[in-house]
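All of the numbers you see were taken from the coordinates with simple rules; none came from a lab. A quick note: this is a predicted structure, and the numbers were derived from the prediction, not measured. Cβ coordinates were reconstructed from backbone atoms using ideal geometry, including for glycine residues, and neighbour counts include every protein chain displayed.
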Amino acid sequence: MLSNPQIYEIQLRSFLYKNKEKKEIDFIIYEIEIREKYLEEVNKKTDDDFRTEIEKEYEGVEKKMDEKHMEYLLNVKKERLKETIRFTNNELFSLGIYKDRLNQSKTKNTDLLHEGKKLNLSERYKILNKLTGIDKEIRKLNIGDLKKYEYLAIVLDCHPDSARDLMNGKYNSKDRNLDAFFDEFGIIK
């Protein structure tokens, strides 16, 4: 699943569509549980269980299977199962790492909230401009306007068109009052 990003995206979107209140981390946990349950069930199986499965697969065949043929099919089934178990364990390992990364990014970002929400682009620009005067400094540069917008876009990790709109006061967003934020960090308004 994680080895094929396209399949992962399709399965994730399907899961999130069916479970609108869930997040990507819930999908990862769900996938881990499925694989753990599968491994648990497989580990409980005995040779008799495998024999029964093989007999069911060959139920409609007219010729009765001899013991030598049964042993061969049993060995093939076990070898395929070993490969499936190895693959499933690798997926579990990858899912576990991905889950840890999602949890880490989730805990890191909680410190970056204002009034319980992430700062939007315009709010980040206002804070940056208040702290560094970046708008004035970029305007002083002896380069074309497009380059100025590109520099700001690099700093803010946004599109140059958004940077242009920010610098020209035309960026459309619903900004919150940042006075409390400025007070909290001792920034002069």
Q) Given the pairs Lys23/Lys147; Lys20/Lys56; Lys44/Lys64; Lys37/Lys64; Lys20/Lys45; Lys147/Lys174, which span a C-alpha to C-alpha distance of over 32 angstrom in this model? A) Lys23/Lys147; Lys20/Lys56; Lys37/Lys64; Lys20/Lys45
Q: Treat each spin label as a single point 7 Å out from the Cα along the C-beta direction, and report the Glu79 to Thr46 distance in nm.
A: 2.6
(Q) So for each of 32-45, 147-160 I average, over its residues, the number of other beta carbons within 10 Å; can you give me the resulting order with the highest mean first? (A) 147-160, 32-45
Q.
Per 0.36 nm of contour for each residue apart, how much would the distance between Glu21 and Lys63 grow if the chain were fully extended, relative to their Cα-Cα spacing?
A. 9.7 nm
**Q.** Label-point separation, Leu131 to Asn168 (7 Å along Cα→Cβ), nm
**A.** 2.7
Q) How much FRET efficiency would the formula 1/(1 + (r/R0)^6) give for Asp183 and Ile29, where r is the Cβ-Cβ distance and R0 is 45 Å, rounded to 0.05? A) 0.70
Q. Roughly how many nanometres apart are two label points built 7 Å out from the Cα toward the Cβ at Lys37 and Lys117?
A. 3.8
Q. So between Ile143 and Tyr8, what do we pick up on full extension, going 0.36 nm a residue minus the alpha carbon distance?
A. 44.2 nm
Q: Please report the Cα spread of the chain along all three principal axes, rounded to whole Å, starting with the longest.
A: 89, 36, 25
